[in-house]
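> So that we are looking at the same thing, I have put the structure below in structure tokens.
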Amino acid sequence: MKSLALLHASQLVTLAGPKRPRVGAEMSELGIIRDGGILIRDGRIAIIGPRAEIEKKAAGAEIVDLGGRVVLPGFVDAHTHLVFAGNRIDDFERRARGETYEQIAKAGGGIWSTVEKTRAATEADLFAQAKKHAEWFLKCGTTTVEAKSGYGLTVEDELKILRVMRQLNRETPFEVVSTFLGAHAVPRDSPGEKYVDLVINEMLPRVAKEKLAEFCDVFCERGYFDVEQSRKILSAAKQLGLKLRGHVDQLTNSGGAKLMAELGAATADHLEKTDEQGIAALKNANVQPVLLPGSVYALGSTSYPRAREMIEAGLAVVLATDFNPGSSPTPSMPMVLSLACTQMKMSPPEAITASTINAAYSLNRDDIGSLEPGKAANVAIFDCEDYRELAYWFGFPQTHAVFVRGKQISF
Ligand SMILES: [Zn+2]
């Protein structure tokens with residue numbers, strides 16, 4: 001592969017720093033290089049620094065003039081439900097008209113409608129739709145996502161979803177880190193305890209044997225999987241070598257954050273209702289909180305998680321979209337940055353750290369999330385001069401170009 005020199009960035013937001021998730025004041029240190037450049041070789045960052053320095057070393061390289069734009073590492077979205085069939089536009093209209101979740105479910109909507117459509121879809125259909133979703137993410141500047149199964153809820157349908165993720169990794173430049181979320185909802189056609197047994201005894205061993213996921217997740221919530229059931233499922237996953245994430249404390253403060261701390265999970269996600277004891281438990285166990293303001297917004301709620309307290313407690317906060325057809329139909333990390341700053345009072349640099357380097361570490365990836373020599377050349381270029389404009393101007397795309405492992409993505 002030819003080498004490539006990207007020159008004339010108004011701000012190169014490198015996120016260079018210690019090789020671990022950033023906490024406290026470190027979350028505001030972005031390592032910005034003004035009038036910067038990057039030399040890329042074989043898909044990796046060879047040198048990064050002031051433009052004049054890179055220009056001197058760029059002999060023979062293809063030159064790309066960035067025209068004074070902002071350059072960031074590609075966003076890393078550490079919580080998405082990327083693979084599903086159809087959409088929930090009718091639910092969206094019903095909610096807008098004031099109907100409750102129960103009314104919507106009764107009318108044939110809700111998560112179960114997505115499960116039915118996803119079960120009915122062929123693997124090829126699901127792949128085609130997931131590929132479209134992947135293009136949306138790339139257009140927003142996101143180059144890696146974590147993606148969860150959870151709309152199949154049978155052995156074969158869960159495996160089908162995970163295989164679609166593997167195919168995306170193999171056949172597209174988009175990078176997917178797979179999570180098994182068989183315990184997303186209790187299927188209508190199976191009682192709770194029996195379904196928990198199915199997840200533990202049949203689904204998890206297949207997922208592990210076929211190496212279809214790196215992480216296991218559960219929806220720990222009243223009416224879904226309680227703390228005891230969640231502990232059982234996640235403990236079984238851990239024994240099989242999977243790392244853990246969890247949907248916890250979203251609707252009620254039910255001890256989910258403490259459970260994730262007890263199990264040594266990589267992340268505890270949502271946390272809208274987590275209190276100071278939950279925050280302290282996460283801190284003691286070094287669990288990273290993944291905050292999902294897009295779902296709070298799209299559900300018309302104002303119950304945002306306590307981001308400031310978490311940062312002040314020293315937690316390595318992560319921001320993600322929670323992209324899904326029901327509660328957070330957005331692939332846009334810039335939208336999430338806007339929500340983080342306006343609704344959760346995170347500063348723009350904290351929000352950038354949470355959606356890049358901290359997100360990468362939460363996925364156990366040390367070669368993405370910052371622009372440093374040796375890392376993958378996953379680069380997002382935006383039509384603005386100051387990175388804060390990404391969170392400031394909201395509701396329209398500012399993406400100019402995206403490179404994954406040194407190759408420009410066309411869209
Ligand atoms: Zn989710």
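> In the chain, if the dipole is taken from +1 on Lys/Arg beta carbons and -1 on Asp/Glu beta carbons about the Cα centre, which of 58, 362, 381 is farthest to the positive end?
Result: 58.
> Could you pull the Rg and Dmax for region 1-115, using just the Cα atoms, both in Å?
Answer for region 1-115, Rg first and Dmax second: 22.9, 66 Å.
> Report the residue, chosen from 326, 152, 369, that carries the largest GNM mean-square fluctuation when the chain is represented by alpha-carbon nodes joined by springs under 10 Å.
Answer for the Gaussian network model of the chain: 326.
> Give me the compactness ratio for region 223-330, meaning the Cα radius of gyration over 2.2 N^0.38 Å.
Its radius of gyration relative to the 2.2 N^0.38 Å reference: 1.02.
> Run down the lysines and flag those whose C-alpha is under 20 Å from the C-alpha of residue 148, throwing out any fewer than 8 positions away in its chain.
Reachable lysines: 117, 131, 132, 160, 209, 211, 232, 238, 243.
> Under a GNM of the chain (C-alpha, springs under 10 Å), which listed residue has the highest mean-square fluctuation: 351, 58, 380?
Between 351, 58, 380, it is 58 that shows the largest mean-square fluctuation.
> I've got another one for you. Set the Förster distance to 51 Å, then compute FRET efficiency between residue 25 and residue 131 from the Cβ-Cβ distance, nearest 0.05.
Computed FRET efficiency for residue 25 and residue 131: 0.80.
> Add +1 for every Lys or Arg and -1 for every Asp or Glu among the other residues with Cβ under 15 Å from the Cβ of residue 308, and state the total.
Net charge in that neighbourhood comes out at -3.
> Determine the gain in length on full extension of the stretch residue 93-residue 251; use 0.36 nm per residue of separation and subtract their C-alpha separation, reporting nm with one decimal.
That pair, residue 93 and residue 251, stretches by 54.7 nm at full extension.
> Using the Kirkwood formula on the Cα atoms of region 322-411, what hydrodynamic radius do you get, in angstrom to one decimal?
14.2 Å
> Pairing the Cα long axis of helix 111-120 with the longest principal axis of the chain, what angle in degrees results, from 0 to 90 and rounded to the nearest 10?
Once rounded, the angle reads 80 degrees.
> Considering every pair of different Cα atoms, what Kirkwood radius, in Å, is found for region 5-72?
Taking the inverse mean of 1/r over all distinct Cα pairs, region 5-72 comes out at 12.5 Å.
> Could you give the radius of gyration (one decimal) and Dmax (whole number) of the Cα atoms in the chain, in Å?
Spelled out, the Cα radius of gyration and Dmax of the chain are 20.8, 67 Å.
> Taking amide H atoms as placed 1.01 Å from N in the peptide plane, list the residues 5 or more away in sequence, or in a different chain, whose amide H sits under 5 Å from that of residue 288.
For residue 288, the qualifying residues are 267, 268.
> Can you give the three extents of the C-alpha atoms in region 159-199 along their principal axes, from longest to shortest, in whole Å?
Extents along the principal axes, in whole Å: 40, 15, 13.
> Once amide H atoms are placed 1.01 Å from N in the peptide plane, what residues at a sequence separation of 5 or more from residue 44, or on another chain, have their amide H within under 5 Å of its amide H?
377
> Here is a follow-up. Between helix 123-139 and the chain, what is the angle of the helix's C-alpha long axis to the longest principal axis, kept within 0 to 90° and rounded to the nearest 10?
Here the helix axis deviates by roughly 40 degrees.
> Enter the per residue convex hull volume of region 153-257, computed from alpha-carbon coordinates, in Å³ rounded to the nearest integer.
Convex hull volume per residue, Cα atoms: 101 Å³.
> Grab the beta carbon distance between residue 262 and residue 105, set R0 = 45 Å, and tell me the FRET efficiency rounded to 0.05.
0.90
> Further question on the same structure: Quick check on the exposure proxy: order 230, 355, 332, 301 from fewest to most C-beta atoms within 10 angstrom.
301, 332, 230, 355
> Another question, then. Can you tell me the 0 to 90 degree angle between the C-alpha axis of helix 155-171 and the longest principal axis of the chain, rounded to 10?
10 degrees
> I'd like the Karplus ³J(HN,Hα) series for region 29-36: coefficients 6.51, -1.76, 1.60, θ = phi - 60°, whole numbers in Hz, and an x wherever there's a Gly or Pro.
9, 9, x, 7, 10, 7, 6, x
> Could you pull out every residue, at least 5 positions away or on a different chain, whose amide H is within less than 5 Å of the one on residue 63? Hs are placed 1.01 Å off N in the peptide plane, and Pro or chain starts have none.
5
> Also, quick follow-up: Give me a comma-separated list of calculated 3J(HN,Hα) values for region 376-384, in order, Karplus coefficients 6.51, -1.76, 1.60 applied at θ = phi - 60°, integers in Hz, x for any Gly or Pro.
Working through the residues one at a time gives 4, 7, 9, 10, 10, 10, 10, 7, 8 Hz.
> With θ set to phi - 60°, apply the Karplus curve 6.51 cos²θ - 1.76 cosθ + 1.60 along region 321-335 and write out the HN-Hα couplings as whole Hz, x wherever there is a Gly or Pro.
Each residue's phi maps through the Karplus curve to give 7, 6, 2, 6, x, x, 9, 8, x, 9, x, 8, 5, x, 4 Hz.
> Out of all DSSP beta bridges with both ends in region 1-120, state the antiparallel percent to the nearest 5.
65 percent
The numbers here are math on the coordinates, done by the rules we state, and not lab data. From a predicted model like this one, the values you see are computed outputs, not experimental measurements. Glycine also receives a Cβ, built like all others from the backbone with ideal geometry; neighbour counts cover every protein chain displayed.
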